[in-house]
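Right, one structure below, let's go through it.
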Amino acid sequence: MPVKLEHVLRHVRDLPALSETAMRVIDLTKDPETSAKELELVIRQDLALTAGMLRQANSAYYGYERRISSLQEAIVLLGLQVIQGIAMSAAVAPLLKLKLVGYDIDQEGLWKHSLLTAIAAKQLCRYRKLPYGDVAFVAGLLHDIGKLIITIYLQEIGDYMLKKVTQSKVPYVEFEEIVIGYNHATVGGFLAKAWNLPEDLVEAISYHHAPLKAQNHTQLASVIHVANGMVSLVGVVGGVDSFFNPIQPEVLDLLELKESDLKLLMAELDKYLVDPDFFN
């Protein structure tokens, strides 16, 4: 029997709050008038966050010729949107590294899938010259956050779900809604609202399996849908459901992507898979 909304929302409220420092940084990055000094004063209170900023600034992704050793310099170089993504990564990493029995996800499995989806989403935006880059990174990072709740309901019926989905060929996410009453994308949207995240992120998370149903941010939701699918295809899955939630052809049409484009983008992801420090 499908569960009631109040039961789902209770589990949403039961999840631990995100790091206060990270959420303060995220709030500051929403204001274009925020100075590097203001951000530095907050970020330096969290050693892990400080290290993450410096590591990102010195990564091959940015390709600076000299080493960036000052936090304030890293903040200036990275910009507000990138800093927001790093702060969100630091905030949600402990949650995404949990073992989710209902989805048969090992510890850190969801983290690896989510982080690579964030990278894929940002690369896809660059490839198609879409303006969402760093917002897409955060949306990709959080797209499966609803699995933290839905896994609770799947623990006893996961085998039944997998059997039924295999027999019927219905996407796994649709079966979640039929059997449980809510799918992990919708519940992820509830969680994003509870964390007071912006509407574009809420909608991209809520509709990443049905982007054409998104009312205001269809293109962004489509980017997350395709990025999620590509990451599963390269073998970094976010659970047993990953094999039963295919990329929708109409979404590829909306983004003007062909199979050759997907192959090129997936080849780009391979370099992260051979980096032993990437998921750390």
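The values are calculated or read from the model by the stated rules, or taken from the named source; none is laboratory data. Keep in mind it's a predicted model, so treat the numbers as computed, not measured. Virtual Cβ from ideal backbone geometry, glycine too; neighbours counted across all protein chains shown. The area values use the complete protein model at the heavy-atom level, side chains included, leaving out ligands, DNA and RNA. Shrake-Rupley method; radii C 1.70, N 1.55, O 1.52, S 1.80 Å.
Dipole magnitude for the stretch 17-97: about 300 debye, using +1 per Lys or Arg Cβ and -1 per Asp or Glu Cβ, origin at the Cα centre. Taking 19 Å as the straight-line reach from the Cα of residue 213, the aspartates and glutamates in range (excluding those fewer than 8 positions away in the same chain) are 144, 174, 176, 177, 199, 200, 203, 250, 253, 256.
Add +1 for every Lys or Arg and -1 for every Asp or Glu among the other residues with Cβ under 15 Å from the Cβ of residue 244, and state the total. Around residue 244, the surrounding residues sum to -3. Figure note: 68, 152 ranked by solvent-accessible area, largest first, 1.4 Å probe, ligands and nucleic acids not counted: 152, 68. Each Lys or Arg adds one and each Asp or Glu subtracts one; over the other residues with Cβ under 9 Å from the Cβ of residue 107, this totals 0. Here the stretch 108-200 has an Rg and Dmax of 15.1, 44 Å, counting Cα atoms alone.
To the nearest ten degrees, helix 184-194 and the longest principal axis of the Cα atoms of the chain are 40 degrees apart. Relative to the longest principal axis of the Cα atoms of the chain, helix 20-29 runs at roughly 70 degrees. Each peptide in 265-272, 52-59 gets a packing score, the mean of other Cβ atoms within 10 Å over its residues, and the list from highest to lowest is 52-59, 265-272.
Bins of 5 Å, beginning at zero and ending with the bin holding the largest distance: percent of Cα pairs per bin for the chain, please. Values per bin, smallest distances first: 1, 6, 13, 17, 19, 17, 13, 8, 4, 2, 1, 0. The solvent-accessible area of residue 30, taken with every protein chain present and a 1.4 Å probe, is close to 90 Å². When the C-alpha to C-alpha distance is required to be over 19 Å, the pairs from 30/129; 4/147; 164/258; 97/147; 4/163; 99/147 that qualify are 30/129; 164/258; 4/163.
Computed FRET efficiency, Cβ-Cβ of residue 253 and residue 69, R0 35 Å: what is it to the nearest 0.05? FRET efficiency, residue 253 to residue 69: 0.15. Relative to the dominant Cα principal axis of the chain, helix 133-142 is inclined by about 50°. Only protein heavy atoms count here; on that basis, with a 1.4 Å probe, residue 178 has an accessible area of about 110 Å².
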